[in-house]
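Chemist: One structure, as structure tokens, below. Some questions next.
The values are calculated or read from the model by the stated rules, or taken from the named source; none is laboratory data. Since we're looking at a predicted model, the values are computed, not measured. Cβ placement follows ideal geometry from the backbone for every residue including glycine, while neighbour counts extend to all protein chains displayed. Accessible surface is based on the protein model in full, side chains and every heavy atom, while ligands, DNA and RNA are left aside. Shrake-Rupley method; radii C 1.70, N 1.55, O 1.52, S 1.80 Å.
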Amino acid sequence: MASTISIRRGLDLKIAGRPAYKIVDAPRPARTALQPGDFRYFRPRLLVREGDAVKAGTPLLESKDDARVVLVSPASGTIEQIHRGERRKLLEIVVALAGEDAFEEFGALDDSDARALTREALVEKLLKGGAWSLIRRRPFACIANPDERPQSVLICATPQDAFDADPDLVLRGEEKDFQLGLDLAAKLTDGPVFLAVPANAVSPALTAATGVRTLRFSGPYPAGDPAVQIYHACPPKAKESVWYLRAQDLLALARFVRTGRVSPERVVALGGPAATERQLFRTRLGASAQSLTEGRCEPGELRLVSGSVMNGRKIPRTGFIGFYDTALFALKEGREREFLSFFRPGLDKYTVSSTCLSSFLGKAEYALDTNLQGSLRNFVQSGIYEDVCPVGIWPDQTAKAVMAGDIEEMEKHGILDCADCGLCTFVCPSKIEVGAILRRGIDLIRKEG
Amino acid sequence: MNVNPIKLLEEKLEAARPLFEKGGKFEIFFPLYEAKETFLFSPATVTAAGPHVRDALDMKRLMILVVVAILPTFFAGSYNVGLQALAAQGLPTDPVSCMLKGLMATVPIVIVSYAAGGIWEVLFAVVRRHEINEGFLVTGLLFPLTLPPSIPLWMVALGISFGVVLGKEVFGGTGMNVLNPALTARAFVFFAYPAAISGDKVWTWVNPAKDKLVDGYSGATPLLVAAGSKGPQVVAALTDAGFTMKQAFLGSIPGSIGETSTLACLAGAYILVATGVGSWRIMVSCVAGALGMAVVMNAAAGPESAGIMFLPGVWHLMLGGFMFGTVFMATDPVSAARTKRGKVIYGLLIGALVILIRTVNPAYPEGMMLAILFLNILAPLIDYAVMQGHFAKRKAWRGASNV
Ligand code: SF4
């Protein structure tokens, strides 16, 4: 029985550049990369050196906090470059692909053997093969702790936003593996497994799934975000955790258990106002952005975002798609200046408020660029932030608690429920990075708590 | 050759930038450069990280909209200043003369307010190395509108200086202040020079020593008349003094420059609410608080009470600075309560307090300024209380919603 949850707060992103609803094969990328920054609070210890030959599934990094948690190579080839940033922070481990994929073997299992695995055996297998990193937990949105038993597991089979690869399309034909994944997920918790699907889902992988509680989510962005779904369906109690996987990650996990090999296939959507060929591409985990954008984006200075335009990571033209991301968003860098901008009625401006004429006669979609649309000021306006927050936080008040360093107050505000959706920052007329301030607060709790 | 003058201006400004940046000749004037430059051209800054796109609303647009909302009261007020002055001297009161005469009084006051306050703004911006805050565009216009037309210009300059420096800058600039800076300025003038801003001699722009005034000219505001009358016949007393409800609504009564026309205030309220810039919660609850308190006072009035105890609530809304304060002062987002429920409580208390001050202390019939300033101080406390409720609700919800 599916129940419906409609998320009221959020924002319909009236941004141009939705991808077409079809999947095509992308050329095989020449490089893929593992980016430790994709894994929150993960302190990496490097296991390889530049020039090493690796197979798909060879461990590249292990956690300094728990050596059982490893991150493995998404492809076979050679370690072309280990890219470090400030204070020698590891940024990217770039693997140059060579020939046919060679895999590390972790033991294939047939369907019934896979279903017969005990929890311990499953956890061990996932840890060994690096598939553990597909499982994340709330609070903190980091890789799950293998010693923990989550209160419940949520499988997020909704697109993050209108520019994301929709699992309802991606999972067609993958019913068996997806169901296996759901059954394996059930082993991880003593509580229920929730399957979050779009309200209008039709793919049998989603509609005929068994052994789970299906929740149909509707509403504006970020109703498709697992953190928002967990907040509304099964918020973790104090000291408890809820684990979650996005649909394609669960599929990869199931394939790994079945075949004993890392499963690097991913479907990634290319969208955004500066993308000219917008659709879904069948490509690989951590693929180079160029393998998708080459010849499919407008010329000029562009910003590429791995993930959602609202909270994804900015990557260079030569960068790589993030580990959990299934979308690539292209838009123009907005360095154009406008003469007496605030005297204009603003027919072509996108605002949540009613301060531009567009608010009354507005277009359906705006080709937004990255312009900040103003300059930094102190907090002035109030009442606008909580109107968009999908998890009932009062973001400006919470940000003040963070700036005061008051952990108790932050927690009372429910800061750990923050889905990092970016909407409070988006609407701020003082151009304050409200969401980033909250993230700083969460980091502080993580460190002190 | 085809030269785009706007493009040229942009290039000229850009070329001058190094002079004002770190190490440049005019480094200390960077805030001034920034203000002028970003005033003309929207900044080219791009987002550093997600969200990679931003809403088009910024502080400049926000503050300009407030200024636009204030303008009706400025023009209606100026017209009325002319009307009152001409009528008091028995001169013809055709619309053009009224407007011209009025603007002669109000324009210098506004200019002095902007100029004197602006100097402080720039000074603090330069010393503190922060940008010039657009909020001053609003403060510099609101303050003069709360003054009588006969105010000496040096008092305007002194008042706005006080408001900007002690009402705002000592706290750290727009956004950090506790009190509404425009009202702080007015409070300063009120307490430092009470004779210039109260009584019945200041509200009409005439010089009683020189100008020949018509017989029966009094100059008292309707609030003074109401406060001075005795017993339940207060509305009759107002009518006798020549004040009808229609006049009070349209604003052809003596009073502070911008505060007389209820209609103009409502036009401003419409702009603020329709654009979402001003809080309707605060405006509505202010009115509700005042009406409620007026009913209480009417009921409590005995036969010997001052007339203002009997004054119906609707009259209160149209007299003195009530509507102007409700629409433009109480809604200042920085000094008001920030939480939604907090705004309702804040508004109700302002409304109730105004009526209380007006009726209980008829010697000082205008309570709006004090009521708002007092609630400015209480606002953080109100928010604190509302937040405790929010915390409790969140906790209860968390406990109940788990599987
Ligand atoms: S606090 Fe801000 S970033 Fe966090 S969920 Fe609410 S709106 Fe999104």
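Chemist: Could you calculate the FRET efficiency of A:Arg149 with B:Arg128 from 1/(1 + (r/R0)^6), where r is the beta carbon distance between them and R0 is 41 Å, rounded to 0.05?
Modeler: According to the calculation, E is roughly 0.15.
Chemist: Quick one: among A:Arg149, A:Arg377, A:Arg136, which has the greatest mean-square fluctuation in a GNM of chain A with alpha-carbon springs under 10 angstrom?
Modeler: Maximum fluctuation in the GNM of chain A, among the listed residues, is at A:Arg377.
Chemist: Moving on to the next point. For segment B:223-389, take the alpha-carbon Rg, divide it by the Kirkwood Rh, and send me Rg/Rh.
Modeler: Here Rg/Rh amounts to 0.99.
Chemist: In terms of solvent-accessible area of protein heavy atoms at a 1.4 angstrom probe, what is the ranking of B:Ser285, A:Ser353, highest value first?
Modeler: I get A:Ser353, B:Ser285, largest accessible area first.
Chemist: Per the Kirkwood treatment, what hydrodynamic radius in Å, one decimal, follows for chain A from the mean inverse distance over all distinct Cα pairs?
Modeler: Numbers: mean 1/r = 0.0441 Å⁻¹.
One over the average 1/r among Cα pairs gives 22.7 Å for chain A.
Chemist: I would also like to ask the following. Any idea of the total accessible area buried by the B-A contact, 1.4 Å probe, rounded to 100 Å²?
Modeler: Between B and A, the summed buried area is about 6300 Å².
Chemist: How much accessible surface does B:Asp215 have with a 1.4 Å probe, in Å² rounded to 10?
Modeler: My reading of the accessible area for B:Asp215 is about 150 Å².
Chemist: Would you calculate the convex hull of the Cα atoms in segment B:59-197 and tell me its volume per residue in Å³?
Modeler: Taking the convex hull of the Cα positions in segment B:59-197, it is 95 Å³ per residue.
Chemist: Could you tell me which of the pairs A:Lys55/A:Lys237; A:Lys89/A:Lys125; A:Lys314/A:Lys400; A:Lys187/A:Lys239; B:Lys201/B:Lys246 are separated by over 32 angstrom between their Cα atoms in the structure shown? Display every interim value, and only then the final one.
Modeler: Values: A:Lys55/A:Lys237 41 Å; A:Lys89/A:Lys125 29 Å; A:Lys314/A:Lys400 27 Å; A:Lys187/A:Lys239 21 Å; B:Lys201/B:Lys246 23 Å.
Checking Cα-Cα distances, A:Lys55/A:Lys237 exceed 32 Å.
Chemist: Would you please give the FRET efficiency between A:Ala96 and A:Met403, computed as 1/(1 + (r/R0)^6) with r the Cβ-Cβ distance and R0 = 56 Å, to the nearest 0.05? Mind showing how you got there, number by number?
Modeler: Numbers: r = 45 Å, r/R0 = 0.80.
My answer for the efficiency is 0.80.
Chemist: Let me ask you something else. With chain A treated as a Gaussian network of Cα nodes joined by springs under 10 Å, which of A:Gly271, A:Gly219, A:Gly300 yields the largest mean-square fluctuation?
Modeler: Of the options given, A:Gly300 has the highest mean-square fluctuation.
Chemist: Then there's this: Using only C-alpha atoms and all pairs of different ones, pull out the Kirkwood radius for chain B in Å with one decimal.
Modeler: The Cα-based Kirkwood calculation yields 22.9 Å.
Chemist: Using a Gaussian network for chain A with springs between C-alpha atoms less than 10 Å apart, which of these wobbles most: A:Arg282, A:Arg246, A:Arg87?
Modeler: So, out of A:Arg282, A:Arg246, A:Arg87, the one fluctuating most is A:Arg87.
Chemist: Which percent of Cα pairs goes in each bin when the distances of segment B:142-263 are cut into 10 angstrom slices starting at zero?
Modeler: 13, 35, 31, 16, 5, 0
Chemist: Excluding ligands and nucleic acids, what accessible area in Å² is computed for A:Arg40 using a 1.4 Å probe, to the nearest 10?
Modeler: A:Arg40 has an accessible surface of roughly 90 Å² with all protein chains in place.
Chemist: How many percent of the accessible area of segment A:297-449 is carbon or sulfur, using a 1.4 Å probe?
Modeler: 52 percent
Chemist: Let me ask another. For segment A:377-448, I need the span (max minus min coordinate) of the C-alpha atoms along each principal axis, in Å, sorted largest to smallest.
Modeler: Over segment A:377-448, Cα extents along the principal axes are 32, 24, 16 Å.
Chemist: May I pose another question? Sort out for me the Cα centre separation of segment A:177-192 from segment A:373-449, rounded to whole Å.
Modeler: Cα centroid of segment A:177-192 versus Cα centroid of segment A:373-449: 34 Å apart.
Chemist: Moving on. In terms of Cα to Cα distance under 19 Å, which aspartates and glutamates are near enough to A:Lys176, apart from those fewer than 8 places away along the same chain?
Modeler: By straight Cα distance, A:Lys176 reaches A:Asp110, A:Asp111, A:Asp113, A:Asp166, A:Asp168, A:Asp249, A:Glu265.
Chemist: What does the extension gain come out to for B:Met245 and B:Trp154, with contour length at 0.36 nm per residue minus their alpha carbon separation?
Modeler: Contour length minus Cα-Cα distance gives 29.3 nm.
Chemist: Compactness ratio of segment A:291-335: Cα Rg over 2.2 N^0.38 Å, N = residue count?
Modeler: It is 1.08.
Chemist: Then there's this: In Å², and per residue, what accessible area does the protein assembly as shown have when probed at 1.4 Å with the other protein chains present?
Modeler: On the way: 33910 Å² over 852 residues.
Ligands and nucleic acids excluded, the figure is 40 Å² per residue.
Chemist: Continuing with the same structure: Starting at the first residue of segment A:82-98, write each ³J(HN,Hα) from the Karplus equation 6.51 cos²θ - 1.76 cosθ + 1.60 with θ = phi - 60°, in whole Hz, x for Gly and Pro.
Modeler: Karplus-based 3J(HN,Hα) across segment A:82-98 equals 10, 9, 10, x, 4, 6, 6, 5, 5, 9, 9, 10, 8, 10, 7, 6, 10 Hz.
Chemist: Could you work out how far apart the two model spin labels at A:Ala67 and A:Ala121 are, taking each label as a point 7 Å from the Cα in the direction of the beta carbon, and quote it in nm?
Modeler: 2.6 nm
Chemist: Oh, and also: Note down the nm distance, to one decimal, between modelled labels 7 Å out along Cα→Cβ at A:Ser112 and at B:Phe374.
Modeler: About 8.3 nm, to one decimal.
Chemist: Any lysines with Cα under 22 Å of the A:Lys363 Cα? List them, leaving off those in the same chain fewer than 8 positions away.
Modeler: Straight-line reach from A:Lys363, under 22 Å: A:Lys14, A:Lys332, A:Lys349.
Chemist: Next question, about the same structure. Hey, any idea what the orientation-averaged projected area of the convex hull of segment A:127-195's Cα atoms comes to, in nm²?
Modeler: Directional mean of the projected Cα hull area for segment A:127-195 stands at 5.6 nm².
Chemist: Separate question: Across segment A:183-308, what fraction of all alpha-carbon pairs, as a whole percent, falls in each successive 5 Å bin from zero upward?
Modeler: All Cα pairs, binned at 5 Å, distribute as 2, 8, 15, 17, 18, 16, 12, 7, 3, 1, 0 percent.
Chemist: Okay, next question. When the helices in chain A are scored as -39500 (n - 2.57) per DSSP H run of 4 or longer and the sum is shared across all residues, what 222 nm value do you end up with, to the nearest 500 deg cm²/dmol?
Modeler: For chain A, the value works out to -6000 deg cm²/dmol.
Chemist: Next question, about the same structure. Taking the alpha-carbon set of the protein assembly as shown, what are its Rg and Dmax in Å?
Modeler: 32.5, 109
Chemist: I need to check one value: relative contact order of chain A, counting alpha carbon pairs closer than 8 Å and at least 6 residues apart, in percent.
Modeler: Once divided by the residue count of chain A, the mean separation gives 18 percent.
Chemist: Return an integer: the convex hull volume of the alpha-carbon atoms of segment A:55-164, in Å³ per residue.
Modeler: Convex hull volume per residue, Cα atoms: 181 Å³.
Chemist: 7 Å from Cα along Cα→Cβ at both B:Val67 and B:Leu266: what's the point-to-point distance in nm?
Modeler: 2.8 nm
Chemist: Among DSSP bridges having both ends in the protein assembly as shown, what percentage is antiparallel? Round to the nearest 5. Display every interim value, and only then the final one.
Modeler: Numbers: 45 of 71 bridges.
Rounded to the nearest five, the antiparallel share is 65 percent.
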